[in-house]
């Protein structure tokens, strides 16, 4: 108990140094919490950008459709699939789609791309097509409506109300079919490959164009809890992954995003290692300064019978208290900053990361782990960093340390 | 009387070849229990080196040092550490109390190292403070005590482990004459009432006057060894 009391009081022998060291460690912890919060926030934005923009958190197709978007691989009896989805309480919204490659021609130009037939009402629950409209209006259900990306409009040299002919191959027969549409809206998702290559028309018109009757190619799903997209136990995944259909979460149909998320974990790890390396050097420096100042005192302590083990313990207790104080204030600072930026966001400007457009503010995300695991790591690291100075102190030779007196 | 310290042909040198300094050469002496001994001599005569060796803070290059019948010359660092804790008390010139502990805690610290139970420690601390005349100052930190009071705490700390001998290096050097005499009276009293063996390294005539034995060192050798009536 006296050793603990001694270690605690030793910390305040040079208050300025202790405050500076605590500030260094505390700021490192706060910076790590903030970095992790930013990474988690960015991950949320990335996942949200991909899943909420167009793809959905899960997708259901005929097996093999996703590999090369073969229009002949359609869901023949979508109503029975809708029934299964309706029974899954985890699902918030879903929207049926038809997808086919096509040619889009104006009076001046022609481009190739992908035509999406969407249910104008249901689609608003799973994607942001409506939100992405920058000119004109969203689909209302009229026969001849077509939404095109603003860059595509520039390529085709068309304005709102201009005519576009969509040419596509009918399913099964492969017969060429054409329909005339009028541009009712222009959208901008951000990534150019989306804005230049996709058009949206109403679902029933697309089914008519492709001679599909009521058949569809894809059902995009959005869950009540985003995390459920990875929950393989859901009825949705259990019932619909048979030999003919497949129900995939976003990690399955966007594997590159999974790799990117793994990379973000390394980002936290690397940032943590750099911060902690700097903090450790600070701790080692501070402890050595403290020991050099007290070298004579350690000599006396050893002379009167303090064992090397007890000296090591004393220095490690000092480091432990240093770590505890630093973590207390560091966690408060981290929480304060994290909460502020979770509420107000960090201004990031507009940037594109791996095809995902991050626009506006990046809201950090606080997690309980950041306030349990990180402080434990910091304290362990502080104590570990103090081990070398502690061993140095334990090896002080009393007769050398006491040269000025006994 | 029993001898508590016996050295035989003790040698200690520093440096090598041309820079070699013979700090102690063939020093043989015996100190009896209850003696109040002063080692005196000019600077560089080997007083400190001899105290280092007797106190187990350093190892001799040759010779034997027996404390209470145990040869400490060949002990390892850890063995010496335990031996010092249980058998030797130290008093330093500049007090060297632990500044963040109170006077009572400084005295208690060494008993804590010895594993004395808490209740016993508290009792002994009170006794020690009383013995050195600091009954009411146990809660004060060293910075709140005068030099003489700090040195009294150092004496109490040295006594607390119930050592066989107390080694004191110039204990009065930083004290004024009156305070020095007062401290010496305390130590002499302990020597007489508890038969505690004291060995001083000193230039202070007040100590020499009170010492029962004077060992004169010169160039690392015992020049004269005289017993006297204090």
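Each value in this text was obtained by applying a stated rule to the coordinates, not by laboratory testing. Not measured: the values here are computed from a predicted model. Don't worry about glycine lacking a Cβ; one is built from the backbone with ideal geometry, like all the others, and counts go over all protein chains shown.
Considering the protein assembly as shown, its Cα convex hull presents a mean projected area of 42.2 nm².
Note on residue B:174 and residue B:18: the model spin-label points, each 7 Å out from Cα along the C-beta direction, lie 3.9 nm apart. Taking only the C-alpha atoms of the range A:138-219, the Rg (one decimal) and the largest Cα-Cα distance, Dmax (whole number), read 13.0, 36 Å. Working from label points 7 Å from Cα in the Cα-to-Cβ sense, the residue B:146 to residue A:384 distance is 5.4 nm. Highest average first, the peptides A:102-110, A:204-212, B:161-169, B:88-96 ordered by how many other beta carbon atoms sit within 10 Å of their residues are B:88-96, B:161-169, A:204-212, A:102-110. Each principal axis of the Cα cloud of chain B was taken in turn, and the coordinate range along them, longest first, works out to 53, 38, 37 Å. Please identify, among A:369, A:72, A:252, the residue showing maximal mean-square fluctuation in a Gaussian network model of chain A using a 10 angstrom Cα cutoff. Of A:369, A:72, A:252, the most mobile in the Gaussian network model is A:369. Global dimensions of the range A:64-242 from alpha-carbon coordinates: Rg and Dmax equal 16.6, 52 Å.
For chain A, the longest principal axis of the Cα atoms and the long axis of helix A:15-50 meet at an angle of about 10 degrees. Would you work out the relative contact order for chain A, in percent, from Cα pairs under 8 angstrom that are 6 or more residues apart? Relative CO of chain A lands at 26 percent. Using the Cβ-Cβ distance between residue B:192 and residue A:367 with R0 set to 45 Å, the FRET efficiency works out to roughly 0.05.
Computed from the C-beta positions of residue A:377 and residue B:209 and an R0 of 56 Å, the FRET efficiency is 0.30 to the nearest 0.05. Mean partner shielding of peptide B:50-57, defined as the number of other chain Cβ atoms within 10 Å of each residue Cβ, is 4. Determine by what factor the alpha-carbon radius of gyration of the range A:273-392 differs from 2.2 N^0.38 Å, reporting the quotient. The reported ratio for this selection is 1.50. Averaged over the residues of A:391-400, the number of partner chain Cβ atoms lying within 10 Å of the residue Cβ comes to 3. Taking label positions 7 Å along the Cα-Cβ direction at both residue B:139 and residue A:285, the computed distance is 4.1 nm, reported to one decimal. The angle separating the long axis of helix B:103-114 from the principal Cα axis of greatest extent in chain B is about 60 degrees.
Report, to the nearest 10°, how far helix A:368-385 tilts away from the longest principal axis of the Cα atoms in chain A, using its own Cα long axis and a range of 0 to 90°. Once rounded, the angle reads 40 degrees. Averaged over the residues of peptide B:40-48, the number of Cβ atoms from other protein chains lying within 10 Å of each residue's Cβ is 1.
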